[in-house]
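Okay, so here's the structure we're looking at.
The values are calculated or read from the model by the stated rules, or taken from the named source; none is laboratory data. Values in this document were obtained by computation on a predicted structure and should not be read as measured data. Backbone-built Cβ (ideal geometry, glycine too); neighbour counts: all protein chains shown.
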Amino acid sequence: MKIAFLTPEYPHPITGSSGGIGTSIKNLAIGLLAEGCSVRVLVYGQKEESDFEDNGIFVQRIKNVKFKGLSWFFTRKKLENIINQLYANQEIDLVEAPDWTGITSFIQPKKCPIVIRLNGSDTYFCHLDNRPVKWKNKFHEKRALQNADALLSVSQFTADLTNQVFGLQKHFTIIPNSIDTSLFLNDSGSPLLWGGVGGEVILYFGSLIRKKGLLELPLIFNAVIQKKSNVQLFLIGKDVPDVISGNSSTWAMMQELFTDEALQNVSYLGSVPYQEIKAHIKMAGVCVFPTFAEALPVSWIEAMAMQKSIVASNIGWATEVIENGKEGFLVYPKDHGKYANRILELLENQKMQDDFGVAARKKVVEKFSMKVVAQQSLSFYKKVIQ
């Protein structure tokens with residue numbers, strides 16, 4: 001089968017920076033290649049047009065059309081023409097696109113099926129953030145969902161909430177995000193990255209942004225330090241401007257929330273290359289994810305694959321990833337004292353850390369591995385094109 005992914009991002013130096021959507025697409029593409037599929041990635045919004053191959057994945061860079069007031073329409077029609085041509089040439093059988101900003105809202109190929117996979121639309125995340133959504137984004141996202149030939153979602157929670165916020169009653173097949181479990185393996189080869197660190201280590205990795213609970217984390221860590229003064233907190237990820245306050249730095253806002261004592265034990269490492277994340281995860285005792293808004297977070301799965309104990313948010317999608325008390329702890333992010341106590345409980349109980357880690361790794365291999373998710377996706381695609 002010949003699968004194409006239409007996306008605004010893809011993790012490669014040539015295509016630029018990428019977030020969760022791009023990483024999820026690449027992981028799935030690698031899995032599909034292993035199942036004998038050919039995979040093409042159509043990356044729009046690029047500075048120039050070019051093609052290249054990324055370990056068997058054919059990547060096609062596409063420039064948006066510039067036309068005052070109608071760029072959105074002509075760009076979509078350009079993409080539609082590209083899809084029609086590729087389908088006519090028998091280079092693709094199907095196109096999958098994300099729900100984000102509804103890129104397929106006015107893309108209606110002559111014959112090629114369009115599948116949308118929910119990773120969280122702008123409307124979805126604005127709802128979880130309790131902030132207004134741009135009307136044009138909601139319009140395009142709803143129209144794209146209505147026009148799609150088939151629909152996927154990475155979690156049941158995301159499917160149900162998407163139907164709710166758009167006033168739809170669509171059926172979504174649930175297939176989660178995946179990771180390369182052979183890459184995220186807690187082996188003995190990781191280098192010592194945080195030399196000289198004393199005490200126990202808590203790690204957060206992901207964007208520094210309000211919706212991921214980063215303004216709650218300082219208050220949680222303050223409570224940890226009150227009871228265990230030698231604990232260290234490490235933060236890895238891009239510092240993102242705060243859309244609510246207008247502050248240009250979430251990290252700057254966080255620093256004001258730590259007590260002086262707690263801040264002395266905090267290290268912000270900034271962004272690190274994706275291929276180095278594994279080594280940083282290995283150094284942690286506990287990984288924390290106090291987020292308010294996700295669809296199905298790849299970062300949680302990566303930490304679980306590394307057999308790390310986790311204290312994460314208990315909102316919506318969380319129980320589809322972690323069973324509370326078996327593979328980690330789930331706590332509401334604003335319950336700072338309880339969140340801190342769960343972290344301390346793990347730091348002080350090595351057997352619990354080990355038990356959670358073994359159970360977490362087992363779940364990832366069985367449910368979130370690239371092979372399993374690729375096979376589920378391929379089975380779904382075959383039904384679409386029958």
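At-a-glance table
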| quantity | calculated |
| --- | --- |
| The one condition in (1) at pLDDT 95 or above; (2) over 30 Å from LEU70 (Cβ atoms); (3) touching a Lys or Arg at 6+ places or on another chain (Cβ under 8 Å) that PHE166 fails to fulfil | (2) |
| Unmet criterion (only one of (1) aromatic (Phe, Trp, Tyr); (2) assigned to a loop (DSSP other than H, G, I, E, B); (3) touching a residue at least 40 places away in the same chain (Cβ under 8 Å)) for TRP72 | (2) |
| Whichever residue in region 137-162 is surrounded by fewer than 18 Cβ atoms within 10 Å (Cβ to Cβ) and touching a residue at least 40 places away in the same chain (Cβ under 8 Å) and, among such residues, is nearest to PHE292 (Cα to Cα) | GLN156 |
| Exclusive hit being of a type in the set (A, V, I, L, M), touching a helix residue (DSSP H, G or I) at 6+ places or on another chain (Cβ under 7 Å) and over 30 Å from GLY246 (Cα atoms), set ILE82, ILE116 | ILE116 |
| Out of LEU378, LEU347, sole residue that is surrounded by 15 or more Cβ atoms within 10 Å (Cβ to Cβ) and over 30 Å from GLY36 (Cα atoms) | LEU347 |
| Set GLN60, GLN90, GLN85: member being assigned by TED's automatic domain parsing to the domain that holds THR23, part of a strand (DSSP E or B), under 24 Å from PRO113 (Cβ atoms) and not aliphatic (A, V, I, L, M) | GLN60 |
| Inter-residue pairs, beta-carbon under 7 Å, first assigned to a helix (DSSP H, G or I) and in region 163-176, second of a type outside the set (Phe, Trp, Tyr), 6+ apart | ASN163/GLN169; ASN163/LYS170; VAL165/THR123; VAL165/HIS127; PHE166/THR123; PHE166/LYS142; PHE166/LEU145 |
| Contacts under 7 angstrom Cβ, first residue in region 212-230 being in a loop (DSSP other than H, G, I, E, B), partner small (Gly, Ala, Ser), 6 or more apart | GLY213/SER313; ASN230/GLY198; ASN230/GLY199 |
| Within region 271-292, considering residues that are modelled with pLDDT of 95 or more and under 18 Å from the mean Cα position of the chain (by Cα), the one surrounded by the fewest Cβ atoms within 10 Å (Cβ to Cβ) | PHE292 |
| Matching residues, region 246-262, being assigned to a helix (DSSP H, G or I) and either free of Cβ contacts under 8 Å to residues at least 40 places away in the same chain or outside the structural domain of ILE209 (by TED's automatic domain parsing) (or both) | ALA252, MET253, GLN255, ASP260, GLU261 |
| Hits in region 21-43 (condition: in contact (Cβ under 8 Å) with a residue 60 or more places away in the chain, surrounded by 22 or more Cβ atoms within 10 Å (Cβ to Cβ) and not hydrophobic (A, V, I, L, M, F, W, C)) | SER24, ASN27, GLY31 |
| Conditions (1) under 27 Å from VAL133 (Cβ atoms); (2) without any contact (Cβ under 8 Å) to a residue 12 or more places away in the chain; number of the one not met by VAL243 | (2) |
| Unmet criterion (only one of (1) farther than 26 Å from LEU347 by Cα; (2) modelled with pLDDT of 95 or more) for PHE234 | (1) |
| Looking only at region 229-267, and only at residues there that are out of contact with any Gly (no Cβ under 9 Å at 6 or more places or on another chain) and among the hydroxyl-bearing types (Ser, Thr, Tyr), the one that is nearest to ARG210 (Cα to Cα) | THR250 |
| Candidates PHE52, PHE67, PHE58, filtered to the one that is under 16 Å from PRO8 (Cα atoms), aromatic (Phe, Trp, Tyr) and without any contact (Cβ under 8 Å) to a residue 60 or more places away in the chain | PHE58 |
| Single residue of PHE106, PHE184, PHE139, PHE157 found to be modelled with pLDDT of 95 or more and in a loop (DSSP other than H, G, I, E, B) | PHE106 |
| Single residue of ASP160, ASP149 found to be within 24 Å of GLN386 (Cβ to Cβ), acidic (Asp, Glu) and assigned by TED's automatic domain parsing to the domain that holds ASP93 | ASP149 |
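The rows are residues; the columns are (1) surrounded by fewer than 18 Cβ atoms within 10 Å (Cβ to Cβ); (2) in contact (Cβ under 8 Å) with a residue 12 or more places away in the chain; (3) under 21 Å from the mean Cα position of the chain (by Cα).
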| position | (1), (2), (3) |
| --- | --- |
| GLY316 | no, yes, yes |
| MET352 | yes, yes, no |
| ASP355 | yes, no, no |
| VAL365 | yes, yes, yes |
